[in-house]
Structures are given as C-alpha cells and as structure tokens.
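A short reminder: the numbers here are calculations on the coordinates, not readings from a lab. In this text the structure is predicted, and so the values were computed from the model without any measurement. All Cβ positions, glycine included, derive from the backbone under ideal geometry; neighbour counts span all protein chains shown.
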Amino acid sequence: MCRIRSETGRLQMLTGITENAGEKAAYRKEIEALRKKIEERRAYDQVVAHIAHQAIELDLDDGVTVNYAKFQGVEVPRDDGKTMKMDLFGKS
C-alpha cells in the first residue's frame, strides 16, 4: 500500500504543477482510482484479520469446495458499529 500512497502523492504534485487541463484531469482520475484501491485493500485487510481471529478450522479431507465456503459471506464489523458481508476469496 505504501507504493500506492507514494504514487498518489506524486500524481498530486504533478497535478499542482501542470497547466495542461487534460493532464490534470488524467492525474485526478488516476488519483481517484488509487484511492479506491487503498480503500479496497483496507477493507480486505479487515476481513482477513477478522477471519484469522476466528481461528476457523479447516479439514483437508473436506476438500476445496467445503473449505472455500467457510470464507464466503463473512460478517465483518465496521468502524461505525455496523457489519458488512464480505467474501474473502472474491472473483477476479
């Protein structure tokens, strides 16, 4: 995530020094995309931490399908006190 933050800072600097409106718009668009990636990774980290603390038992004899299902639709507490359902292994 550090690289994404560094890139965001670099793009913000470029946005401030360029006078070309097209370049500014492109930089702002990229900055927004990077911010979304940061937020997505932060949410994913919360899910991983929550599941890790649950110490879910896996049985290799159950197979991938059964064990995979244990990580889908996990309710994760949010900062505002509510919960959200998330899949640890989302579709790529």
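Details
- Derived scalar couplings ³J(HN,Hα) [segment 3-10; Karplus, 6.51 cos²θ - 1.76 cosθ + 1.60; whole Hz; x for Gly, Pro]: 5, 5, 5, 5, 5, 4, x, 5
- For segment 2-86, the relative contact order is 19 percent, taking Cα pairs closer than 8 Å that sit 6 or more residues apart in sequence and dividing their mean separation by the residue count.
- Highest mobility in the GNM of the chain, judged by mean-square fluctuation with C-alpha springs under 10 Å and restricted to E40, E75, E57, is found for E57.
- Charge sum, other residues only, whose C-beta stays under 12 Å from A33's C-beta, Lys/Arg counted +1 and Asp/Glu -1: 0
- Each eigenvalue of the Cα gyration tensor of segment 2-86, multiplied by 5 and square-rooted, gives one semi-axis; in descending order these are 40, 14, 11 Å.
- Between the Cα long axis of helix 21-54 and the first principal axis of the chain there is an angle of about 20°, rounded to the nearest 10.
- Over the chain, dividing the summed -39,500 (n - 2.57) contributions of all DSSP H runs of at least 4 residues by the number of residues returns a 222 nm mean residue ellipticity of -20500 deg cm²/dmol.
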